[in-house]
Amino acid sequence: MKSFKQLKGLVFPLDRANVDTDAIIPKQFLKSIKRSGFGPYLFDEWRYLDHGEPDMDCTKRPLNPDFLLNQTRYRTAQILLARDNFGCGSSREHAPWAIEGFGFQVIIAPSFADIFFGNCYKNGLLPIVAPADLVERLFRESLASEAYLLEVDLERQKVTLPSGDAFGFDITPHRKHCLLNGLDEIGLTLQQADKIRAFEARHKSAQPWLFA
Amino acid sequence: MAGKTLYDKLWDSHIVSEESDGTCLIYIDRHLMHEVTSPQAFEGMRLASRLPWRKDSIVAVADHNTPTDHWEKGIEEPIARLQVETLDTNIKEFGALVYFPFKHENQGIIHVIGPENGTTLPGMTVVCGDSHTSTHGAFGTLAHGIGTSEVEHVLATQTLVAKKSKCMLVRVEGNLGQGVTAKDIALAVIGRIGTAGGTGFAIEFGGTAIRSLSMEGRMTVCNLAIEAGARAGLIAPDEKTVAYLKGRTFSPKGQDWDRAVAYWATLPSDVDASFDAMVELKAEDIAPQVTWGTSPEQVLAVGGRVPNPAAEADPIRRLGIERALHYMGLTADMPITEIKVDKVFIGSCTNSRIEDLRAAAGIAKGRQKAASVNQVLVVPGSGQVKRQAEAEGLDKIFTAAGFEWREPGCSMCLAMNADRLIPGERCASTSNRNFEGRQGPGGRTHLVSPEMAAAAAIAGHFVDVRNLY
């Protein structure tokens with residue numbers, strides 16, 4: 001996994017609550033057996049005027065001018081600002097793959113759906129839960145500014161606004177460690193292989209039917 | 001010391017190790033798989049030269065991409081066919097306890113075949129790269145959806161890195177009226193607490209109305225826990241659970257069975273257990289539910305009227321209502337019963353079990369699909385459900401009513417195969433998500449029970465199914 005340490009990046013505000021993973025990456029793109037290539041299809045039904053199918057050349061598709069992400073100023077956005085319950089619905093990891101594939105590295109929202117939230121960390125994406133009034137301010141300021149940049153520092157768990165104001169955010173030490181160092185979680189877990197084997201032996205003697 | 005909840009017991013009995021910040025390594029007993037969320041995980045295993053920790057924990061099936069008619073033609077779309085064939089190849093290479101490939105007589109939706117084969121048992125941890133894994137919690141099982149990276153993690157290590165959730169008790173007391181179902185309970189709960197109400201929680205469902213549900217009904221309730229934001233839904237095992245599991249292919253046998261049943265009896269929440277949150281509903285207050293919007297929380301009793309955004313004070317919610325009404329092509333304040341449907345879908349991991357089909361057939365019997373309804377699809381949850389339904393003559397009831405009787409699979413719940421809505425079409429659906437485009441781009445979905453779906457197929461618009469008995 002790629003690491004995340006810090007970033008000064010452009011904010012794209014997505015002003016909708018309950019954005020579900022079907023909207024983030026529609027089902028027809030889930031037929032791919034690859035892990036990459038989803039970025040062009042991010043928010044496909046909102047972003048394009050035609051119906052998208054896998055392997056389409058998106059540079060030739062008609063863009064929806066009313067969808068903010070299509071404005072030239074957001075082409076290089078790296079921070080996705082969202083509303084409550086972002087990423088609800090299906091567990092598809094294709095959603096963070098598409099968000100990361102577009103170029104986003106950080107998502108800020110008042111709340112996230114649980115499965116999506118966990119999936120982000122596996123892909124070098126940092127989801128930040130921020131208080132509702134602060135998110136409101138970020139929406140206001142980013143919509144009013146041509147190039148609204150936030151500075152995100154994972155080591156210090158701090159986000160700095162253009163005004164110099166800053167706010168902190170929570171992350172578990174385990175996730176922070178993995179993200180900062182781009183660690184493969186499977187490798188880490190396998191360092192505990194003896195513990196897993198010992199648990200398994202106890203579990204098997206207590207509930208042998210689970211291993212029949 | 002306070003007693004333990006069912007969730008506490010399941011969690012505590014699977015901790016392999018715990019870090020100081022509460023991050024745990026949790027042992028996984030059962031790993032369910034389908035073709036959509038597993039290929040990248042197997043590829044990761046291959047690239048790292050890893051083998052599955054315990055291949056006999058794996059139960060796999062192709063369900064999302066498979067067609068529900070003309071099986072002799074195979075899967076026509078090349079990219080979908082490749083995904084299904086990739087699962088074949090991966091299971092052949094890595095192994096599994098059970099695998100039902102496309103066209104196998106027991107093929108079906110993963111959340112239907114797991115329980116019906118006895119591979120989901122009380123006290124287990126169950127995961128799948130699919131959010132509706134919450135379904136299996138109906139057995140007193142800690143079951144939840146995971147992403148593909150976690151699928152690979154479970155394959156390689158038989159564990160998950162996780163932190164314990166909070167636990168919410170949703171208690172539903174009293175007697176459900178005729179025509180009011182497990183689906184209506186779940187939708188009413190989602191309407192009450194919202195699609196994020198259960199975020200950060202596992203939800204245990206209890207109370208006399210839950211206890212009175214069949215195992216099929218309990219699966220429907222737990223299936224929809226994720227639509228309330230909770231990764232896991234839970235119902236304590238009891239005599240119905242035991243009766244359902246006895247004699248199933250992979251249920252314990254002989255001495256193991258007796259030991260297992262004795263162990264399962266220790267799982268229900270202790271009487272002095274405390275919950276982090278509590279929600280109470282009276283069964284008598286619940287009417288048949290119909291969603292009107294593009295989120296499962298946008299739901300009303302069938303006697304209600306579509307909301308008026310002007311009456312909503314909160315600006316974000318008002319915008320949400322306006323957007324939903326626009327997408328759904330509905331007018332504020334119109335009665336739910338005036339909404340006409342173009343298609344009806346009876347199926348999905350929420351409502352495709354034998355009891356659901358019996359309920360829908362009960363309404364369809366001796367009646368005819370409205371001429372204005374283009375198509376009514378009845379898609380059984382598995383080969384076993386299909387054969388059972390045919391043995392009971394349900395297929396004949398459906399076809400006589402003008403409904404189509406199909407082969408098992410996920411079908412028009414998410415429209416990855418050819419079963420889908422065309423833009424603008426409106427569907428009464430027994431599935432679980434009414435998101436924009438879920439059943440096909442531009443399609444409009446209203447979530448209802450199997451009884452309500454069948455009734456809408458007959459009338460051509462939503463009706464209160466209680467008037468049809």
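Would a scan of region A:13-29 turn up a residue that is under 20 Å from A:Ala82 (Cβ atoms), part of a strand (DSSP E or B) and either modelled with pLDDT under 95 or within 17 Å of the chain's Cα centre (by Cα) (or both)?
Within region A:13-29 (the criterion being under 20 Å from A:Ala82 (Cβ atoms), part of a strand (DSSP E or B) and either modelled with pLDDT under 95 or within 17 Å of the chain's Cα centre (by Cα) (or both)), the answer is yes, since at least one residue qualifies.
Would you be able to say whether some residue in region B:356-378 is in a loop (DSSP other than H, G, I, E, B), surrounded by 16 or more Cβ atoms within 10 Å (Cβ to Cβ) and free of Cβ contacts under 8 Å to residues at least 40 places away in the same chain?
no
Being touching a residue at least 40 places away in the same chain (Cβ under 8 Å), surrounded by 22 or more Cβ atoms within 10 Å (Cβ to Cβ) and among the aliphatic types (A, V, I, L, M) narrows it down to one residue among B:Leu213, B:Leu176, B:Leu187; which is it? Give the derivation first.
Working: B:Leu213 fails: touching a residue at least 40 places away in the same chain (Cβ under 8 Å); B:Leu176 fails: surrounded by 22 or more Cβ atoms within 10 Å (Cβ to Cβ).
Matching residue, one of B:Leu213, B:Leu176, B:Leu187: B:Leu187.
Test each condition in (1) under 20 Å from B:Glu436 (Cβ atoms); (2) within 21 Å of the chain's Cα centre (by Cα); (3) within 14 Å of chain B (Cβ to nearest Cβ) for A:Asp66 and report the one that comes out false.
(2)
Determine, yes or no, whether B:Pro296 is within 21 Å of the chain's Cα centre (by Cα), in a loop (DSSP other than H, G, I, E, B) and either modelled with pLDDT of 95 or more or buried (at least 16 other Cβ atoms within 10 Å of the Cβ) (or both).
On the way: within 21 Å of the chain's Cα centre (by Cα): yes; in a loop (DSSP other than H, G, I, E, B): yes; either modelled with pLDDT of 95 or more or buried (at least 16 other Cβ atoms within 10 Å of the Cβ) (or both): yes.
When the stated conditions are applied, B:Pro296 passes them.
With the requirement that a residue be within 11 Å of another protein chain (Cβ to nearest Cβ) and touching a helix residue (DSSP H, G or I) at 6+ places or on another chain (Cβ under 9 Å), what does region A:26-37 give you?
Within region A:26-37, A:Pro26, A:Gln28, A:Phe29, A:Leu30, A:Lys31, A:Ser32, A:Ile33, A:Lys34, A:Arg35, A:Ser36 qualify.
If only one of B:Glu85, B:Glu93, B:Glu76 is more than 30 Å from A:Ala206 (Cα to Cα), away from chain A (no Cβ under 12 Å) and either among the aromatic types (Phe, Trp, Tyr) or part of a helix (DSSP H, G or I) (or both), which one is it?
Details: B:Glu85 fails: away from chain A (no Cβ under 12 Å); B:Glu76 fails: either among the aromatic types (Phe, Trp, Tyr) or part of a helix (DSSP H, G or I) (or both).
Every option except B:Glu93 fails the conditions.
How do the strands (runs of 3 or more DSSP E) wholly within region A:134-212 filter down when requiring 2 or more residues that are within 19 Å of the chain's Cα centre (by Cα) and either facing chain B (nearest Cβ under 9 Å) or modelled with pLDDT of 95 or more (or both): which remain? Working first, answer last.
Values: elements: A:149-153, A:158-160, A:166-168.
Fully inside region A:134-212 and qualifying: A:149-153, A:158-160.
Please determine, by comparing only the residues of region A:98-122 that are aliphatic (A, V, I, L, M) and touching a strand residue (DSSP E or B) at 6+ places or on another chain (Cβ under 6 Å), which one is surrounded by the most Cβ atoms within 10 Å (Cβ to Cβ).
For region A:98-122, the residue satisfying everything is A:Ala113.
Tell me the strands (runs of 3 or more DSSP E) entirely within region B:159-277 that contain at least 2 residues that are closer than 27 Å to B:Ile15 by Cβ and away from every other protein chain (no Cβ under 14 Å). Working first, answer last.
On the way: elements: B:159-162, B:166-173, B:201-206, B:232-234.
Qualifying strands (runs of 3 or more DSSP E): B:166-173, B:201-206.
Residue by residue through region A:65-113, note down the ones that are closer than 30 Å to B:His64 by Cα and part of a helix (DSSP H, G or I).
Answer for region A:65-113, where residues must be closer than 30 Å to B:His64 by Cα and part of a helix (DSSP H, G or I): A:His94, A:Ala95, A:Pro96, A:Trp97, A:Ala98, A:Ile99, A:Glu100, A:Gly101, A:Phe102.
Quick one: which residue in B:Asp395, B:Asp419 is without any contact (Cβ under 8 Å) to a residue 40 or more places away in the chain and under 23 Å from the mean Cα position of the chain (by Cα)?
Details: B:Asp419 fails: without any contact (Cβ under 8 Å) to a residue 40 or more places away in the chain.
Just one listed residue meets the conditions, B:Asp395.
The values are calculated or read from the model by the stated rules, or taken from the named source; none is laboratory data. Here the structure is a predicted model, which means the values were calculated and not measured. Neighbour counts run over all protein chains shown; Cβ positions are idealised from the backbone, glycine included.
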